[in-house]
Amino acid sequence: MKKYRGIYLKNDKEIGLMREANRLVSTILDMLGDAIKPDITTMNLEDIACNACEDFGVKPAFKGYHGFPYALCCSVNEEIVHGFPSEKRILKEGDIVSIDMGVIYQGFYGDSARTYPVGAIAESTSRLLDVTRESLMRGIKQALPGNSLYDISRAVQEYAEGFGYGVVRRFVGHGIGRNLHEKPEVPNFVPSGLPGVQLRTGMVLAIEPMVTEGSHDIEILDDKWTAVTKDRKLSAHFEHTVAITSEGPIILSLS
């Protein structure tokens with residue numbers, strides 16, 4: 001596997017394996033989306049994901065990673081990311097739940113996230129989901145050979161902040177491959193005073209905007225994992241794993 005500035009460049013075979021890893025993640029996210037409704041617990045979703053991994057013969061990527069105890073990150077309402085599934089967390093009509101999911105397939109990682117409505121949600125909440133999803137797609141369009149990494153960041157930031165939303169700084173996207181987190185970091189904002197990395201064919205990036213209704217400031221709860229908005233306003237999270245190719249960006253995390 002070649003390297004450029006510490007970033008692994010994948011060949012066609014490796015990208016093919018990553019496409020399958022991410023296809024399986026997307027398929028599991030489809031299953032979870034079908035199951036999400038009022039009155040189920042977030043642990044119900046964990047069980048579905050674990051059973052699906054067993055059926056597909058893959059390993060959950062997050063379980064045990066730096067001590068994280070579950071296969072899913074289930075983050076409800078003001079929770080941004082890394083929320084624990086729980087029998088006590090019962091989803092209610094009008095909630096939103098962000099699911100971050102990863103698997104390991106033949107030594108390569110897949111990683112993707114979606115925020116789902118629980119039943120009918122407020123129009124303002126639906127707008128937050130739509131803007132976050134679209135900010136991801138606008139970032140992906142900039143994942144072109146020769147562009148700067150921060151072209152992705154700028155596209156996400158300008159779109160989300162254009163609606164008055166906050167863009168989380170504490171958590172960023174990342175390279176991905178044989179490791180869940182590889183170089184480079186992929187911020188959803190343009191850091192001041194830092195040079196951007198030039199994008200090259202063979203890079204594979206997990207691009208993942210986390211957008212809030214209010215401030216981008218966060219807190220970590222007592223479980224040492226769950227990140228919440230400091231002002232307790234809603235947060236949404238969408239993520240795709242994207243290969244940079246000579247023909248443009250290819251989203252690998254599609255069913």
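For segment 207-255, what class follows from the C-alpha gyration tensor (a ≥ b ≥ c being the square roots of its eigenvalues): rounded when a/c is under 1.5, otherwise prolate if a/b is larger than b/c, else oblate? It is prolate, given that a/c is not under 1.5 and a/b is the larger ratio.
Taking the Cα centre of the chain as origin, work out the dipole magnitude from +1 charges on Lys and Arg Cβ and -1 charges on Asp and Glu Cβ, in debye rounded to 20. Intermediate values should be presented prior to the final figure.
Details: 28 positive and 34 negative charges, 203 e Å.
In debye, rounded to 20, the chain gives about 980.
Each 5 Å bin from zero holds the following percent of Cα-Cα pairs in the chain: 1, 7, 14, 19, 20, 18, 13, 6, 2, 0. Each residue of segment 100-110 was assigned a 3J(HN,Hα) from its phi angle through the Karplus expression (A = 6.51, B = -1.76, C = 1.60, θ = phi - 60°), giving 10, 9, x, 9, 10, 10, 6, x, 10, 9, x Hz with x at Gly and Pro.
For the chain, the membrane-span-like helix rule (DSSP H, alpha carbon extent of at least 24 Å along the helix axis, mean Kyte-Doolittle at least -1.0) picks out 12-35, 123-141; this says nothing about an actual membrane. Projecting the Cα positions of Gln157, Val190, Pro209 onto the charge dipole of the chain (unit charges on Cβ atoms of Lys, Arg, Asp and Glu, taken about the Cα centre) puts Val190 furthest along the positive direction. Computed from point charges on the beta carbon alone (+1 for Lys and Arg, -1 for Asp and Glu), the dipole magnitude for segment 117-193 about its Cα centre is near 200 Debye.
Relative to the present Cα-Cα distance, how much length would full extension add between Asp12 and Ile104 at 0.36 nm per residue of separation? Write out the running numbers ahead of the final one.
Numbers: separation 92, 0.36 × 92 = 33.12 nm, distance 1.80 nm.
The span from Asp12 to Ile104 would gain 31.3 nm if fully extended.
Taken per residue, the accessible surface of segment 55-123 reaches 41 Å², heavy atoms only and a 1.4 Å probe. Helices in the chain, meaning DSSP H runs of at least 4 residues, each add -39500 (n - 2.57). Divided by all residues, the mean residue ellipticity at 222 nm is -9500 deg cm²/dmol. Amide H contacts of Lys59: Ile104, each under 5 Å away and 5 or more positions distant or on a separate chain (H built 1.01 Å from N in the peptide plane; Pro and chain starts excluded).
Protein heavy-atom accessible surface, 1.4 Å probe, per residue over segment 191-252: 42 Å². The string of couplings for segment 210-221 from the Karplus curve (6.51, -1.76, 1.60, θ = phi - 60°) is 10, 10, 10, 6, x, 6, 7, 5, 10, 9, 9, 6 Hz, one whole number per residue in order, with x for Gly and Pro. Here the 3J(HN,Hα) profile of segment 81-89, calculated from phi with Karplus coefficients 6.51, -1.76 and 1.60 at θ = phi - 60°, is 6, 6, x, 7, x, 8, 5, 8, 8 Hz, Gly and Pro shown as x. Loop-located trypsin sites (Lys or Arg not before Pro) in segment 45-117 (DSSP state other than H, G, I, E, B) with a sparse environment of at most 14 neighbouring Cβ atoms within 10 Å: Lys88, Lys92.
Here the contact order of segment 39-136, divided by its residue count and restricted to Cα pairs under 8 Å and six or more residues apart, works out to 25 percent.
Of the heavy-atom accessible surface of segment 27-118 (probe 1.4 angstrom), what whole percent is carbon and sulfur?
Values: 1790 of 3680 Å².
C and S fraction of accessible area: 49 percent.
Springs join every pair of Cα atoms under 10 Å in this Gaussian network model of the chain, and among Ser192, Ser135, Ser124 the largest mean-square fluctuation is at Ser192.
The values are calculated or read from the model by the stated rules, or taken from the named source; none is laboratory data. All of these numbers come straight from a predicted model, not from anything done at the bench. Using ideal geometry, Cβ is built from the backbone for each residue, glycine included, and neighbour counts are taken over all protein chains shown. Please note that ligands, DNA and RNA were not included when accessible areas were found on the heavy atoms of the full protein model with its side chains. Shrake-Rupley method; radii C 1.70, N 1.55, O 1.52, S 1.80 Å.
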